[in-house]
Amino acid sequence: MIMQTIHKILRAGPILLLLGLAPGMAFSMDSSDCMACHGEPDMVGEELVIEALGFDHTAHADVGCHACHATITEDHPDDGLTPSKAGCSECHDEIGEEYGASGHAENAGCSDCHNPHRALGPTAVSGHDMNLQCSACHERADMQTRHAEWLPQADLHISMLPCITCHSPVEDFVISLYIIKRQSETLFGQFKLASYDELAALAGDKPIQELVDTNADSYISLAELRMFNLDSENKQLRLQGMMTPEVVHHDFRAQDDRWDCSFCHASGPGAMQVSYLSLAERDGSFRRVAVEKGAVLDALYGTPDFYMVGSTRSTALNYVGLVILAGGMVMPIGHGTLRFLTRKNRRHEEK
Amino acid sequence: MLSKTKIYLQPTPVRIWHWLNALGIITLCVTAVQIRFPEHVHLFANYKAAILLHNVAGLVVTFSFTLWFTYYAFISRSMLKVYLPSKDDLQVGLLRQAKFYLLTYFLGWKNPHHPTPENKFNPMQKSAYLAIMFILVPLVSLTGLLLTNVSPMRELVLMVGGLKILIAIHFLLACSLCAFLFTHVYLATLGKTPMAYIKPMWTGWEEEEIDEHPHGAA
């Protein structure tokens, strides 16, 4: 942990240096000055506008505009100079190295997938949004056809997993539960990830978190999950579970161990203990609320739409099944024993 | 005086259905153990092989069910006669047969039921097979078909209550079918010899002892 922190500080060295030098350069323009113009499409045009709502909560906003656009002067834009843009790998050097060595680097640069003014950490992005980055190049229908050649229920896997679950060397996963909403009141309307505005409209005066977290303690208990899933008022809402990575790697080659279904499906219920409710925020990011440990293993109404065969089996149901099977053995064992003990009776003439 | 006679009890389509069903259900049970407990059970090469075999076996059972239904409903047209317990079966027959299995069998008495092609099942068999063939097998097959391809039939899955409820129904019904299998195989050995009831399901012919003078024998 300490080493990671030191590495982060070293990686951010150039930026910190610039920030340290900035006062010495008597440079008084700060990010809010930049946003005064770049937050307004009327002033800078659609191409140069930065949406404040999405930018303000990124780590890039924390380091400030000058960290990446270092050559901007007090006279911008009247000086006629084009501001410099820092290369991503100046800070994200390890990621740059990993990505550079992968086949993807030949076809796409960082900004083809990431908007630096909206860049968020993996836990603040929904699994659906992660896949939007991939599907910009890898057309979904084509991917489905190619995966269906070897992967059972390819369409289900592609909808319920971020691509990087198998196409990066991630080992650490959690179950993220997203609220999805039926898009029309009709019986067969499609379900889609509920936006902040949709959830806010449903929550009314309350924070959207309280749609599930009814006691507002920022912790979703199994009882609250069941209540949400059984509440008839929520019939247009469902909880969709996705197995999402906790960290992101940028080597997007398919991992050898992911060809074998057992990587996920034989990980056992022990690996399925941690889950979060992931809620859409106003700025387009997602915020996680902790869910009771082991909730996704509940037999019926904890997460009725999330089941990973082999991994999220319910222990309670296993016992019920065992009792049923034992019931089937009553006749062979009980009757069989008496049959053996009374075998002499059947050697004589039948009565 | 007892004389032996042979009755053609199990026609060929029924025998094909029965053994196809048996093979399918046993394969389903064995693969299901690996599918549910993959980190503990490794009977098949890999998880995908177990799932594919389970799916194929499920389709075989569904197909054999269709064969059975078609034969009894449309060809021999004897489905109700063979499988539906009569009023007499329910009022007297069930108790008489239960008494045989649970008491008089141990005393060495004869089975009170004498099969004929039109009445080949005793009242307990009729009731059990009615539940198995008209409720259990169709429901296990339908839930299994839904689970085989979830995405296109998602609305049907939601109607059931969700994937987990569907899995729970499939799992518990499958356990019940497996439990029935234990009892079924055991009861099949209760003939005069352990193979006496099993052989007719292979050859079609059952050997029956008939008392030619039931009232005259002293």
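Laid out as a table, the results:
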item	result
For segment A:45-160, alpha-carbon Rg and Dmax in angstrom	18.2, 60
Residue with peak Gaussian network fluctuation, chain B [Cα springs, cutoff 10 Å], from B:Leu53, B:Leu156, B:Leu107	B:Leu107
Length added when fully stretched, A:Ala59-A:His147, from 0.36 nm per residue minus Cα-Cα	28.1 nm
Charge dipole (debye, nearest 20) of chain B; +1 at Cβ of Lys and Arg, -1 at Cβ of Asp and Glu	240 debye
Kyte-Doolittle mean at least 0.0, axial Cα span of 18 Å or more - DSSP H helices of chain A	A:315-330
In degrees, nearest ten, helix B:163-187 long axis to first principal axis of chain B (Cα)	30 degrees
Expected 222 nm ellipticity per residue - DSSP helices of 4 or more, -39500 (n - 2.57), all of chain B, to 500	-17500 deg cm²/dmol
Measure of compaction for segment A:137-206 (Cα Rg per 2.2 N^0.38 Å)	1.45
Residue of B:Phe100, B:Phe63, B:Phe182 that the Gaussian network model of chain B assigns the largest fluctuation, springs spanning Cα pairs under 10 Å	B:Phe182
Label-point separation in nm, B:Lys81 to B:Glu209, each point 7 Å along Cα→Cβ	2.9 nm
Per-peptide average of other Cβ atoms within 10 Å, ordering A:56-69, A:314-327 highest first	A:56-69, A:314-327
Cleavage-rule hits, chymotrypsin sites (Phe, Trp or Tyr not before Pro), segment A:174-256, DSSP coil, Cβ neighbours within 10 Å at most 14	A:Phe188
Rg over Rh, two decimals, chain A (C-alpha only, Kirkwood Rh)	1.14
For q = 0.15, 0.19, 0.20 Å⁻¹, Debye-computed log10 I/I(0) when each Cα of segment A:122-297 counts as one equal scatterer	-0.93, -1.39, -1.48
Per-residue mean of C-beta atoms belonging to partner chains within 10 Å, peptide B:48-56	2
Dipole-positive endmost among B:Gln10, B:Leu84, B:Tyr101 within chain B (Cβ charges, Cα centre)	B:Leu84
Selected from A:Arg140, A:Arg118, A:Arg238 as most flexible by GNM, with chain A as the system and alpha-carbon contacts under 10 Å	A:Arg140
Stokes-Einstein D (µm²/s) once Rh is taken as the Kirkwood radius of segment B:1-130 over alpha-carbon pairs, at 10 °C in 1.306 mPa s	90 µm²/s
Ellipsoid equivalent to chain B - semi-axes via the Cα gyration tensor, in Å	38, 18, 17
Charged-residue dipole, Cβ positions (Lys, Arg, Asp, Glu), segment A:122-297 about Cα centre, Debye nearest 20	280 debye
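All of the numbers you see were taken from the coordinates with simple rules; none came from a lab. Everything numeric in this text was worked out from a predicted model, so none of it was measured. Using ideal geometry, Cβ is built from the backbone for each residue, glycine included, and neighbour counts are taken over all protein chains shown.
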